[in-house]
Amino acid sequence: MSKPLPSYSSSTADVPLLGETIGANLERTVARYGDREALVDCATSRRWTYNELDIAVDQVALGLLAMGVTKGDRVGIWSPNCAEWMFVQYATAKIGAVLVNVNPAYRAHELTFVVNQSGMRVLVSAVEHKGSDYRAMVESVRGDCPALEQVVHIGEQSWADLVEAGGRADHHRLDEVMATLSFDDPINIQYTSGTTGFPKGATLSHHNILNNGYFVTEVLGFTVEDRVCLPVPFYHCFGMVMGNLGATSHGACVVIPSPSFDPGLTLKAVQEERCTALYGVPTMFIAELSHPDFAAFDTSTLRTGIMAGSPCPVEVMKRVVDEMHMAEVTIAYGMTETSPVSTMTRREDDLDRRTSTVGTVMPHVEVKIVDPATGLEVPRGTAGELCTRGYSVMLGYWDEPAKTAESIDAAGWMHTGDLAVMDAAGYVNISGRIKDMVIRGGENIYPREIEEFLYSHPDIADVQVVGVPDVRYGEELMAWVVMKAGREALTAEAVRAFCADQLAHYKVPRYVHVVDGFPMTVTGKVRKVEMRAQAVEILGLQDAAAVRHA
Ligand code: AMP
């Protein structure tokens, strides 16, 4: 019998990588497709052609230059999805400023950290959304953020001033600055939850994210006829790379259905804007399919789209194909640190592979699966840690060389912390995680961060946080709590009240379980695998635990 192939796969392509900056790529699209629609912001009923988008982006770019922003400066954006988010994304890229994405769910404590860690000089912020008072939160942290010089609020006078200053400026300045940029320059910092409790800033270049966006929509077969509905957040690469850069690199149109996810508004936007593509994390598709008026919406214009971000249930994929008319829907797998996509199903793959695997390696990228103990490739069919290498691997974690070295080895492989199996034909299935991370509705959570926060409760002696299965969100957080001697057992409500206003809402544990101790190994390590198994019994989550994923 012949030896099984090792779990290594690489992919070339007929289409070469793009060797240009994001700004240069946008200008090429504008030159070719200037009259075509580029962007629709449904919440405000505004729309832009590529020529109009070009003007809006250049005004913001020149306005930032007029404010004194120079190449390499960090400019933050803290806002739900809106057209201005996209203007700032392309404007910063055009002047070589590093855009720092700030999660709109962050609260003051988390904001302060990312502003200071990135050394942000300018922050462009929303004013208010769904009860989040961004202005008040920005004001409350400014005293703790000495490097933050200027704040611009979208929709207010400060924004109008920025645009107006840009409109008055000499356009040649922008051409001069663009001529000094390299496509390998850092252009974007995206914070991912950190294992130590602090987020790490994945630093990405033009080359990283422009190519990833471009090849993701190459796989989807995008043309200027495509209109992609993006309920996924722009602060994450799913929105700003796979969505925005994927669309603009092909002259396709971006449709923003609502500032933050809303299943009804997403379906309405698909219908009214005649979208051909729809993206979402599994939780979003589940919410759309179970919307009470789902059947009344016309989704027949949909052709393709992407489900990604967390394990994708096979049954949900099948319903997306059958009931949302997305015959060519794909699954993508990746992580922020890899721009993000490393593997993807192809439209021509058979239905079984398209619903039960995360596909094959992306063009120009390598994937291998290794035994974490030895670092050697495992045979096909055996589980191990997925590693990936190529143009897509980030430059590093911002100002964290030691953490970068822990993730990217000397040969350039990014170690993902995800467990995967590669079959004989190169299809990958994500079978679990080595890293202690929970993904709730597409939001990554490191239990350590929540544990450290809950330790600060005066009645809690010890705490462990695990993810437990959930049909709607994929996973939910459960805190196992040991009380200090003589203290009354905390209720779930009391724990949640303690977290409110301090942590982003998705990090607040849904379940609280008071115990005398945790399951331990002989060496004294907490057995989270055992805790998760027990939790399924304790909470009666057998149905959610039985869901099959790609
Ligand atoms: P992020 O950096 O927020 O994009 O999260 C990356 C992590 O999400 C990966 O390391 C995986 O654990 C998980 N992930 C992303 N896409 C998928 C997918 N299609 N299936 C399973 N897990 C996924």
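The values are calculated or read from the model by the stated rules, or taken from the named source; none is laboratory data. Since the model is a prediction, treat every value here as computed from it, not as a measurement. We place every Cβ from the backbone using ideal geometry, glycine too, and count neighbours over all the protein chains shown. The protein model used for the area step is the full one, side chains on, heavy atoms only, and it has no ligands, DNA or RNA in it. Shrake-Rupley method; radii C 1.70, N 1.55, O 1.52, S 1.80 Å.
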Q | Yes/no for Gly412 being under 25 Å from Val341 (Cα atoms) and within 15 Å of the ligand (Cβ to nearest atom) | A | no
Q | Only one of Asp14, Asp35 that is in the same structural domain as Val228 (by TED's automatic domain parsing) and open to solvent by 40 Å² or more (accessible area, probe 1.4 Å) | A | Asp35
Q. Taking strands (runs of 3 or more DSSP E) that fall entirely within segment 67-170, which contain at least 3 residues that are under 27 Å from Pro401 (Cα atoms) and hydrophobic (A, V, I, L, M, F, W, C)?
A. 74-78, 98-101, 120-125
Q | Cβ pairs under 6 Å, 6+ apart, first in segment 530-550 and under 21 Å from Arg319 (Cβ atoms), second modelled with pLDDT of 95 or more and assigned to a helix (DSSP H, G or I) | A | Ala545/Val536
Q: Could you tell me which residue of segment 395-413 is most open to solvent (accessible area, probe 1.4 Å), considering only residues that are of a type in the set (Asp, Glu) and either free of Cβ contacts under 8 Å to residues at least 60 places away in the same chain or in contact with a helix residue (DSSP H, G or I) (Cβ under 6 Å, 6 or more places away or on another chain) (or both)?
A: Glu406
Q: Would you be able to say whether some residue in segment 434-444 is under 27 Å from the mean Cα position of the chain (by Cα), away from the ligand (no atom under 16 Å from the Cβ) and either closer than 30 Å to Arg346 by Cβ or not assigned by TED's automatic domain parsing to the domain that holds Phe198 (or both)?
A: no
Q. Taking the condition under 30 Å from Thr112 (Cα atoms) and open to solvent by less than 80 Å² (accessible area, probe 1.4 Å), does Leu503 pass?
A. yes
Q | His172 vs. criteria surrounded by 14 or more Cβ atoms within 10 Å (Cβ to Cβ) and either over 16 Å from Trp398 (Cβ atoms) or of a type in the set (Val, Ile, Thr) (or both) | A | no
Q: Within segment 280-293, identify whether any single residue is within 16 Å of the ligand (Cβ to nearest atom) and outside any helix (DSSP H, G or I), and answer yes or no.
A: yes
Q.
Considering only residues that are more than 23 Å from Lys3 (Cα to Cα) and among the hydrophobic types (A, V, I, L, M, F, W, C), which ones fall in segment 354-404?
A. Val358, Met362, Val365, Val393, Met394, Leu395, Trp398, Ala402
Q. Does Thr299 count as over 17 Å from Glu443 (Cβ atoms), part of a loop (DSSP other than H, G, I, E, B), free of Cβ contacts under 8 Å to residues at least 40 places away in the same chain and away from the ligand (no atom under 15 Å from the Cβ)?
A. yes
Q. Does Gly264 count as surrounded by fewer than 22 Cβ atoms within 10 Å (Cβ to Cβ) and over 18 Å from Gly442 (Cα atoms)?
A. yes
Q) So how many residues does segment 314-343 have that are over 16 Å from the mean Cα position of the chain (by Cα) and either open to solvent by less than 10 Å² (accessible area, probe 1.4 Å) or in contact (Cβ under 8 Å) with a residue 60 or more places away in the chain (or both)? A) 9
Q.
So, Glu218, is that one in a helix (DSSP H, G or I), open to solvent by 50 Å² or more (accessible area, probe 1.4 Å) and under 19 Å from Val30 (Cα atoms) or not?
A. yes
Q) Mind checking which pairs have a first residue in segment 418-433 that is near the ligand (Cβ under 9 Å from one of its atoms) and a second that is of a type in the set (Phe, Trp, Tyr), Cβ under 7 Å, 6 or more apart or different chains? A) Ile430/Tyr333
**Q.** Residue among Pro363, Pro311 that is within 16 Å of the ligand (Cβ to nearest atom), surrounded by fewer than 24 Cβ atoms within 10 Å (Cβ to Cβ) and assigned by TED's automatic domain parsing to the domain that holds Thr276
**A.** Pro311
Q: Look at Ala545 and say whether it is aliphatic (A, V, I, L, M) and open to solvent by 40 Å² or more (accessible area, probe 1.4 Å).
A: yes
Q: Name the one entry in Tyr134, Tyr90, Tyr106 that is of a type in the set (Ser, Thr, Tyr), open to solvent by less than 50 Å² (accessible area, probe 1.4 Å), within 19 Å of the chain's Cα centre (by Cα) and farther than 19 Å from Pro199 by Cα.
A: Tyr90
Q | Residue that is least open to solvent (accessible area, probe 1.4 Å) [pool: residues in segment 115-131 that are at positive phi and in contact (Cβ under 8 Å) with a residue 12 or more places away in the chain] | A | Gly119
Q. Within the group Leu210, Leu181, which residue is of a type in the set (A, V, I, L, M), in contact with a Gly (Cβ under 8 Å, 6 or more places away or on another chain) and under 22 Å from Ser118 (Cβ atoms)?
A. Leu181
Q. Which of the residues spanning segment 3-54 are touching an Asp or Glu at 6+ places or on another chain (Cβ under 9 Å), free of Cβ contacts under 8 Å to residues at least 40 places away in the same chain and not in a helix (DSSP H, G or I)?
A. Gly34, Arg47, Trp48, Thr49
Q. Would you pick out the residues in segment 474-500 that are under 23 Å from Arg107 (Cβ atoms), open to solvent by less than 20 Å² (accessible area, probe 1.4 Å) and touching a residue at least 40 places away in the same chain (Cβ under 8 Å)?
A. Met478, Val495, Cys499
Q.
Restricting to segment 391-409, name every residue that is touching a Leu at 6+ places or on another chain (Cβ under 8 Å) and either within 15 Å of the ligand (Cβ to nearest atom) or assigned to a strand (DSSP E or B) (or both).
A. Met394
